[in-house]
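Q: First, the structure itself, so that you have it in front of you.
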Amino acid sequence: MSQKARNIDAETPISEIDVSDPRLYADDTWGPLFARLRREAPVHYCYKSAYGPYWSVTRYDDIMAVELDHAAFSSSSEHGGIQIADPPPGAQYVNFIRMDPPRHTAQRKTVAPIATPTHIAKLEGLIRERTAKVLDGLPRNETFDWVDKVSIELTTMMLATLFDFPWEDRRLLPYWSDVAVANLDAPDSPVKTQEERVAELTRMGQYFAKLFEERARKPPRVDLISMMVHSEAMRTQPQHEFIGNLTLLIVGGNDTTRNTMTGGLLALHENPDEWAKLRANPGLVPSLVHETIRYQTPVIHMRRTATRDTELGGHEIHKGDKVVMWYVSGNRDESSIPEPNRFLVDRARPRSHLSYGAGVHRCVGERLADLQLRVLWEEILRRDMHIEVVGRPVRVYSNFLRGFRSMPVRIRA
Ligand code: HEM
């Protein structure tokens, strides 16, 4: 399958196009395939793939239509959840991103206060202090890995704060996140079998269970564990749901922001005129943040399952069909976003993107991510740091999360 996807070219019949191959994202070669689908078959049926047959939704407006109709297009794990890959039998961790209303609504409400404007405003000072410390501690005139030293470090610190997690153990968080989302076939996967994955995540559950007990004995506070343990909706969750929701919050708060921190630097490096605009006008940082989130599109797709026969883009979708919204494609849709393939720090409507999804599942943590990214770029500009990408970034082998394993950089002193 992978080999076939790599060999797809302009001559390939449209019916044979399969955009699910993780190699397309590891090699970053997905662009022309999606451009063709948007042009020739914006709602496209792939008959055969490693994940079974599926519909691809590739235009901005069609993706929005699916997002906003959660009754017809379900996220529920009962139907297969939110990834193109069906969950392996017997290993289903339930969490609220894989639920439909009303259960989804109650659980989402429990954790949403972590990202209210008031709480976020309180966190800004702490985030700025930590960001400054990390940036000041980076080597000068020496090659180092931006992913490890900046992106992972900053997002891990943030997550540890949100959970009030033991500080010295905080690197367990990105490790568990990697375990949870790893493509088992990937050469650098931290776990090689589903059994290993389940064993690691069970260990994670045990670690958190101790924190749960401890927080239950204390009065409620604004940290994610305390919020869960003191809530009606989540206090009594069964073990598999507890692990599932922890994983959701860890992956949600970790990979996405992390990869935007790396993708933003790469985009600026590849567009020196945009760097120059930004240096000349640091007031563009909020716009830069939205543009990097669009341009990077850290979540490649979300999947839904049709709960009834319905119509989309002139096609009949049947009950039970797998429908995949390709955010990477919607964010490059020339009929909705002017010059979508350009990275522009002063784009006219930078918030018009699909990276956070839409509708009832729209990202809970978006304000937090925006804040972390804004502070990072403000502090980089304040220090007038000149950061060069000095080697090829290594991208993640996944059709779900668009990310980086490593990216060598050098800061000119
Ligand atoms: C640039 C950073 C981020 C991106 C691009 C991103 C993207 C997304 C996307 C695409 C969804 C699904 C939306 C849909 O189905 O319509 C989502 C949901 C979610 N995100 Fe984020 N996210 C980011 C940061 C965060 C952070 C920092 C947190 C937590 C601290 C977080 C927590 C969640 C949660 C809990 C959900 C599930 C919401 C629900 O099902 O109701 N995300 N995110």
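Table: residues versus (1) modelled with pLDDT under 95; (2) among the aliphatic types (A, V, I, L, M); (3) more than 18 Å from the chain's Cα centre (by Cα).
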{"site": "E11", "(1), (2), (3)": "yes, no, yes"}
{"site": "F34", "(1), (2), (3)": "no, no, yes"}
{"site": "C46", "(1), (2), (3)": "no, no, yes"}
{"site": "A71", "(1), (2), (3)": "no, yes, yes"}
{"site": "P87", "(1), (2), (3)": "yes, no, yes"}
{"site": "A91", "(1), (2), (3)": "yes, yes, yes"}
{"site": "R98", "(1), (2), (3)": "yes, no, no"}
{"site": "T110", "(1), (2), (3)": "yes, no, yes"}
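Q: Also: I need the full set of residues from segment 332-349 which are under 17 Å from D61 (Cα atoms) and free of Cβ contacts under 8 Å to residues at least 40 places away in the same chain, in order please.
A: Within segment 332-349, P338, E339, P340, R349 meet the criteria.
Q: Filter segment 84-115 down to residues that are of a type in the set (S, T, N, Q) and open to solvent by 50 Å² or more (accessible area, probe 1.4 Å) and give me whichever is nearest to L373 (Cα to Cα).
A: Only one residue tops the list, namely T105.
Q: Could you count how many residues in segment 168-198 are in a helix (DSSP H, G or I), under 24 Å from the mean Cα position of the chain (by Cα) and of a type outside the set (V, I, T)?
A: Residues in segment 168-198 being in a helix (DSSP H, G or I), under 24 Å from the mean Cα position of the chain (by Cα) and of a type outside the set (V, I, T): 12 in total.
Q: Quick one: would you say E78 is acidic (D, E), open to solvent by 30 Å² or more (accessible area, probe 1.4 Å), within 17 Å of K322 (Cα to Cα) and more than 22 Å from the chain's Cα centre (by Cα)?
A: The answer is yes for E78.
Q: While we're looking at this one, here's another question. Can you tell me which residue in segment 213-227 is surrounded by the most Cβ atoms within 10 Å (Cβ to Cβ), limited to those that are outside any helix (DSSP H, G or I) and under 28 Å from the mean Cα position of the chain (by Cα)?
A: Only one residue tops the list, namely D223.
Q: Sticking with this one: Would you mention how many residues in segment 347-391 are surrounded by fewer than 21 Cβ atoms within 10 Å (Cβ to Cβ) and touching a strand residue (DSSP E or B) at 6+ places or on another chain (Cβ under 8 Å)?
A: So the answer is 8.
Q: Counting just the residues of segment 122-165 that are closer than 20 Å to R221 by Cβ and not in a helix (DSSP H, G or I), which one comes out least open to solvent (accessible area, probe 1.4 Å)?
A: Only one residue fits best here, namely F165.
Q: Do any strands (runs of 3 or more DSSP E) entirely within segment 314-413 hold 2 or more residues that are within 15 Å of the chain's Cα centre (by Cα), and if so, which?
A: Ranges flagged: 322-326, 404-406.
Q: So which of H269, H230, H240 is open to solvent by 30 Å² or more (accessible area, probe 1.4 Å) and touching a Pro at 6+ places or on another chain (Cβ under 6 Å)?
A: Just one listed residue meets the conditions, H230.
Results for (1) crowded, with 20+ Cβ neighbours inside 10 Å; (2) within 15 Å of V324 (Cβ to Cβ); (3) of a type outside the set (A, V, I, L, M), shown as yes or no for each residue.
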residue	(1), (2), (3)
L278	yes, no, no
P286	no, no, yes
T292	yes, no, yes
Y295	yes, no, yes
M302	yes, yes, no
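The values are calculated or read from the model by the stated rules, or taken from the named source; none is laboratory data. Note that the coordinates shown come from a computational prediction; the quantities given were computed from them, not determined experimentally. All Cβ positions, even for glycine, are placed from backbone atoms using ideal geometry, and neighbour counts span all protein chains on display. These accessible areas exclude ligands, DNA and RNA; they are computed on the full protein's heavy atoms, side chains included. Shrake-Rupley method; radii C 1.70, N 1.55, O 1.52, S 1.80 Å.
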